[in-house]
């Protein structure tokens, strides 16, 4: 069973102004899914101390196995994810020696001849909530942060996609894998034309009843010229038994395909 | 002042599986922002009755002026946004005559020669929470829904982007405008090269102190070949006084530009 739940909290005014599409959250969700875990909620909030601490507290109360935050851990005044977390957990933010060394190393690599001034913004990036650990950022300055709160593992990633991805791959992916060992997530798509969603609905219903565990969802994707609707159908299953998952997914796929063809719909593509 | 708060709740497993980027939420956020209102939270949740009703209840408790949901109002079994809302509000879901007429009209337009069978999936799309009103969908079958709960206006949109946008433009935009009359949101971008974010941080700090109301945020966007960092700086202001907003935004922009040039950074572009 897929019971390793993950919440994603994305911090950044740009997300709420509609300036930036939250591709970080989608990328993390796709990774988490393919590792056999389940994203249960994605929340985007502004760079606001109260809102961050509320969102963190709410997430912890739901007891997910992981909370992954993105954004707000850089050097500027409005990078306040770590302060928000410290407030939510009622702990202090304090300079961390490991984090400081990571920042030092990063600067030394990029500017071998310059001496690093430990300015306020740089010290800020090295301050993490008490009880937390710095996580190496292989491609940027601000280290990630890891905390364990009542069994929920919190990981904080930067907002820069390249850095978020690198830290996820190096440090979060192994942690999630270790909690989902043996679980798989499998999916297939059927692109179908010439059937309306309200006609497809009862077919999906029947097939899902026959193949428990398989989840089928239809996504209408517009109308062709000539008025023929196009629908993408997504079939997926999460299971700790690879054989059963495969059997269920393919069984459901064949049965649904047969029903579609019998109804006169056209299957344009299977992936 | 921009005090018209808006929460967006996006419903759909595809968002949490990482199959679909939540462009609906970003589009709505950009519209809401340019209408002078403020998106305070975006939440994505799966097609799950409990999760939908919890998210709705939590949002209402924060007392935003608007809650806009996307997804989950179609004909299939897993379209359960309206059931989730009904559960959250402890009201019944009941067939709505206006909604039914809208569905009838839509079919009549698309299939002028066929007679509409009122199948279960079609009736489902016409069932809305008691106290709610159907909202015309100018480009698709499922009508939107509008509800007023203790002063919070809830709008439910379909997940299909084209339909969500059309209903937003026709029915939500005028409602938001009427609440933000006279408010403006203005923004500018400065693309700058050759300065590190930790050097930029104190400049932003100073400029923001001098120009209260103007919000400035730096977005690192990678490293050029040669190791020169690229940063996009976003300046924005929301205000009920257009003149003051313009004055503040331009003042802050010029002052920051001067500081950047004085530091040796290169301004690549201003938009």
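Taken together, the values in this text are just the output of simple stated rules run on the coordinates, not laboratory data. Model, not experiment: these values are computed from the prediction. A quick note on method: Cβ atoms are made from the backbone with ideal geometry, for glycine too, and the neighbour counts reach across all protein chains shown.
Below is a table of values for the structure above.
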item	result
Potential extension, residue A:120-residue A:62 segment - 0.36 nm per residue separation minus Cα distance	17.3 nm
Residue B:263 paired with residue A:209, simple spin-label distance in nm, labels 7 Å along Cα-to-beta-carbon	6.5
Rh (Kirkwood; distinct C-alpha pairs) - segment B:62-143, Å	13.5
DSSP beta bridges in the protein assembly as shown [antiparallel fraction, %, rounded to 5]	65
For chain A, built as a Gaussian network whose Cα springs stay under 10 Å, the top-fluctuating residue of A:202, A:121, A:64	A:202
All Cα pairs of segment B:1-142, percent lying beyond 18 Å	61
In Å, descending, principal axis extents of the Cα set of segment A:126-200	58, 27, 21
Relative compactness, segment B:113-264, computed as alpha-carbon Rg over 2.2 N^0.38 Å	1.60
Of every Cα-Cα pair in segment A:165-210, the percent that sits beyond 12 Å	76
Segment A:110-170 - Rg over Rh from alpha carbon coordinates, Kirkwood radius	1.02
Residue among A:66, A:168, A:77 with the largest mean-square fluctuation in a Gaussian network model of chain A, springs linking Cα atoms under 10 Å	A:77
Most fluctuating residue given options B:62, B:41, B:110, as computed from a GNM of chain B linking Cα atoms under 10 Å	B:110
nm² value of the averaged projected area, convex hull over the Cα atoms of the protein assembly as shown	26.1
Teacher prompt: residue B:189 distances to equivalent labels in other copies, 7 Å Cα→Cβ, nm	2.8
As computed over chain A, the Cα convex hull volume per residue (Å³)	158
The protein assembly as shown - mean residue ellipticity at 222 nm from DSSP helices (-39,500 (n - 2.57) per run, n ≥ 4, rounded to 500)	-12000 deg cm²/dmol
Using a 7 Å Cα-to-Cβ projection, residue B:150 label spacings across copies, nm, ascending	2.4
Residue order, fewest to most surrounding Cβ atoms within 10 angstrom, among B:190, B:8	B:190, B:8
Modelled FRET efficiency - R0 60 Å, residue B:94 with residue A:113, Cβ distances, 0.05 increments	0.20
7 Å along Cα→Cβ, label-point gaps from residue A:240 to other copies, nm, shortest first	5.9
Proxy reagent accessibility, fewest Cβ within 10 Å first, across B:247, B:150, A:106	B:150, B:247, A:106
Cα gyration tensor of segment A:6-68 - equivalent ellipsoid semi-axes, whole Å, descending	20, 17, 6
Orientation-averaged projected area, Cα convex hull of segment B:184-270 (nm²)	5.1
Relative exposure of B:42, A:154, judged by other C-beta atoms within 10 Å (fewest first)	A:154, B:42
